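Working notes for the structure below.
The values are calculated or read from the model by the stated rules, or taken from the named source; none is laboratory data. Treat the numbers as computed from the prediction; the structure is a model and nothing was measured. All Cβ positions, glycine included, derive from the backbone under ideal geometry; neighbour counts span all protein chains shown. What goes into the accessible areas is simple: the full protein's heavy atoms, side chains included, and nothing from ligands, DNA or RNA. Shrake-Rupley method; radii C 1.70, N 1.55, O 1.52, S 1.80 Å.
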Amino acid sequence: MAEFASSRKPFADLSHNAQLWSVEESANLFGLDQWGYPYFSINDKGHVIVCPKGESGGSLDLMALVDEMDGRNVGVPLLIRFDDILEDRLERLHTAFQKAIAQYHYKGNYQGVFPIKCNQQRYVVEELIACGKQWHFGLEAGSKAELLVALSLMDDPKALLICNGYKDQRYIETAILARQLGRSPVVVIEQPDEVDRIISASKLLGAAPLIGIRAKLASRSSGRWGSSVGETSKFGLSIPDILSTVEALRNAHLLDELQLLHFHLGSQINNIAILKDALQEAGQIYVELCALGAPMGYLDVGGGLGIDYDGSRTASSASTNYSLQNYANDVVATIGECCDSNSIDPPTLISESGRAIVSHFSVLVFNILGVGAVSNDIPPVSDDAPLILRNLRDSLRNIESMSDSSSIDPSLLQEVWNDALKFKDDALVAFRLGYLGLADRAKAEQLTWGCARALINRLSGVTSNSKEIIHLRSVLASTYYANFSIFRSAPDTWAIDQLFPVMPIHRLNEKPTQLGHFADLTCDSDGKLSRFINHGQDKTLLELHEFNDHDEYLIGMFLAGAYQEVMGSLHNLFGTTNSVHIRMTNDGGYQVDHVVRANMKSDVLEAMEHDPNQLLERLRVASELAIQRGALKIKDARLLMDHVETSLRQSTYLKR
Ligand SMILES: *Cc1c(COP(=O)(O)O)cnc(C)c1O
């Protein structure tokens, strides 16, 4: 890992050029005071601090942590996992349900399971099982591979193992045998034909699994995953299917094993009203199943418990209009009421909350490699400049002679800017036809950016959301080149326009004077981050600090602990980043529980069936031939081979 050793840069505070600016202003600007509570805040040094146990004590300086990890040769980009946050989230979930159960005098229990698909990392699943013991917290598997993870890691007979997803005969037989092993698997029938397989597997083994039914609710969800429910959704049984399944189970003498009703509204439910409808519908189906003679006992409300990514508490796609407690209250109260009015025993309530448990616990920190922006220079006046350049210069003078901000008429502004854009286009046409040289074309571009900058300066005091002004700002915005791949570390920002809170983790006592967006390392023009949370809306540019080549500028991406890692791909062969698991210690310090090294280049090559040794051998042969031809010196051949060999053992990211 030599690449990390020499790459240490001082983490400067740069307080010398800090403008008057408070950390509270930063917290507000980046929404940290809303989405960050209770885990993230800012200290007097202007660094993000992490309180992994929430309000109950202990904090650490994220910047100092990254520095200390760098000192251990575990450099950025770095995924930091706070296991205490996992534990705290689990505790909050259970506390919320316990409170609701007490408040509504619900006579059943709550027993959660973790949907493995949300984060399959071994240390994450192990941690959740360990912290969840006290509540008999279980797992949900959605595939045969996930079932294997669950079977091998679980050992509490009271913890449930919910078996979802497509199931073949072997999946079902494995679940039946696992019951004899002392686990509590519930095979949830998601497709009508699964019931036949359950019946034949039970006959074959002379034993039966616990059985659940997934209902296709008619209540529609909203948002991105809204199509997970409704009559046309991919999973679940329609009402006629449910009825025929009950009869099939009855005929096979398996109705006594039918104990669970399941539904899933899709992930990130934004609007609590949707949940209420679904709960009422599911409650009635539950009552009917009891009436049909199934013993029942469990009602599984699936996933969907949302995260307030932008802290706005709204039904926008990056937020939720409810809290964890509201969610628990609605589940408990609605089902309780339904059972009371039908005089049946209330079921044990299960939720498969994944996103809500694992989003907060990991933070990705990446560094900036450089910044690009349109030129700041204005070419000097020359008397023999071509007409096009003189026109542009006139536009610039025009703008500069305008009075400041308040009295400017936006339509006049638009007119001058349109002129400038037209002259720039003229310059391009003239260049294509050979009438304008490269140097003059460069001047035309500089003058155009000069016009844009002068316009923005005139408008500095004006807060406007007009399209033109937003466009002008984005023309002048800086591109911050970020040392990571969004396809690896934040694929949902690309695939489904997911917003995560992104902000610098230091210099937060310094006014961010630049507007910018991020470009990642891939050669893909989609490899960028250019939508940011903004108090319930979103924005295309983020306030950032001026970058300099001497100091690290570190950016954190927060609340991205769910789904991103496994959905991340090897696009452009960027592999996993370094990751560490951090635990707070009783004396207020922390310990590093696990260090998981970034993929080496040889790892990602092998993933694509390349053989690193063969690759080296081919290069060796090629350089031997070049030496014989006299094209390559022996010492240069050695240097080349050294570089390649070392590179294969290093991470796929860049070092500064
Ligand atoms: C994906 C999924 C979940 C997890 O949903 P979250 O929104 O992450 O809580 C739960 N249950 C099922 C059946 C799923 O497919």
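Taking the conditions exactly as written (modelled with pLDDT of 95 or more, assigned by TED's automatic domain parsing to the domain that holds residue 176, away from the ligand (no atom under 16 Å from the Cβ) and open to solvent by 50 Å² or more (accessible area, probe 1.4 Å)), does residue 241 satisfy them or not? So residue 241 fails the test.
Taking the conditions exactly as written (within 14 Å of the ligand (Cβ to nearest atom) and not basic (Lys, Arg)), does residue 324 satisfy them or not? Yes; evaluated as a whole, the condition is true for this residue. Could you tell me which of the residues 323, 351, 395 is within 30 Å of residue 112 (Cβ to Cβ), buried (at least 17 other Cβ atoms within 10 Å of the Cβ) and among the small types (Gly, Ala, Ser)? Checking each option against the conditions leaves just 351. Assess whether residue 616 counts as being outside any loop (DSSP other than H, G, I, E, B) and in contact with a Pro (Cβ under 7 Å, 6 or more places away or on another chain). The answer is no for residue 616. Is there a residue being in contact with a helix residue (DSSP H, G or I) (Cβ under 6 Å, 6 or more places away or on another chain), away from the ligand (no atom under 16 Å from the Cβ), open to solvent by 10 Å² or more (accessible area, probe 1.4 Å) and at pLDDT 95 or above anywhere in region 281-290? No, because not a single residue in region 281-290 is in contact with a helix residue (DSSP H, G or I) (Cβ under 6 Å, 6 or more places away or on another chain), away from the ligand (no atom under 16 Å from the Cβ), open to solvent by 10 Å² or more (accessible area, probe 1.4 Å) and at pLDDT 95 or above. Candidates 61, 83, 70: the one that is touching a strand residue (DSSP E or B) at 6+ places or on another chain (Cβ under 9 Å), more than 24 Å from residue 568 (Cβ to Cβ) and in contact (Cβ under 8 Å) with a residue 12 or more places away in the chain is 61.
For first residues located in region 98-110 and among the β-branched types (Val, Ile, Thr), partners that are modelled with pLDDT of 95 or more and part of a helix (DSSP H, G or I) and lie 6+ apart or on another chain with Cβ distances below 6 Å form the pairs 101/332.
The set of residues in region 117-126 that are open to solvent by less than 30 Å² (accessible area, probe 1.4 Å) and free of Cβ contacts under 8 Å to residues at least 60 places away in the same chain contains only 125. Of all residue pairs spaced 6 or more apart or on separate chains, those with beta-carbon atoms under 7 Å, a first member in region 336-350 that is part of a loop (DSSP other than H, G, I, E, B) and a second member that is open to solvent by 30 Å² or more (accessible area, probe 1.4 Å) are 344/290; 346/107; 347/298. Taking the criterion of being within 16 Å of the ligand (Cβ to nearest atom) and of a type in the set (Val, Ile, Thr), the residues of region 244-280 that qualify are 269, 272, 274. Among the conditions (1) in a helix (DSSP H, G or I); (2) more than 16 Å from the ligand (Cβ to nearest atom); (3) in contact with a Leu (Cβ under 9 Å, 6 or more places away or on another chain), the only one that residue 371 does not satisfy is (1). Taken over region 143-182, residues that are in contact with a Pro (Cβ under 7 Å, 6 or more places away or on another chain) and open to solvent by 10 Å² or more (accessible area, probe 1.4 Å) amount to 2. Taking residue 145 as the residue in question, decide whether it is in contact with a Gly (Cβ under 9 Å, 6 or more places away or on another chain) and among the hydrophobic types (A, V, I, L, M, F, W, C). No; evaluated as a whole, the condition is false for this residue. When every residue of region 136-149 is checked against the conditions, at least one turns out to be out of contact with any strand residue (DSSP E or B) (no Cβ under 7 Å at 6 or more places or on another chain) and of a type in the set (Ser, Thr, Tyr). Selection within region 291-320: residues that are open to solvent by 10 Å² or more (accessible area, probe 1.4 Å) and not in a loop (DSSP other than H, G, I, E, B). The member of this set that is nearest to the ligand (Cβ to nearest atom) is 298. Take region 354-400 and flag every residue that is in contact with a Gly (Cβ under 6 Å, 6 or more places away or on another chain) and in contact (Cβ under 8 Å) with a residue 60 or more places away in the chain. Those that are in contact with a Gly (Cβ under 6 Å, 6 or more places away or on another chain) and in contact (Cβ under 8 Å) with a residue 60 or more places away in the chain: 354, 358, 359, 361, 362, 363, 365, 378.
Residue-by-condition table, conditions (1) within 13 Å of the ligand (Cβ to nearest atom); (2) aliphatic (A, V, I, L, M); (3) within 20 Å of residue 51 (Cβ to Cβ):
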| site | (1), (2), (3) |
| --- | --- |
| 93 | yes, yes, yes |
| 96 | no, yes, yes |
| 99 | no, no, no |
| 105 | no, no, no |
| 121 | no, no, no |
| 127 | no, no, yes |
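If only residues of region 539-552 that are of a type in the set (Asp, Glu) and assigned to a loop (DSSP other than H, G, I, E, B) are counted, the one that is modelled with the lowest pLDDT is 549.
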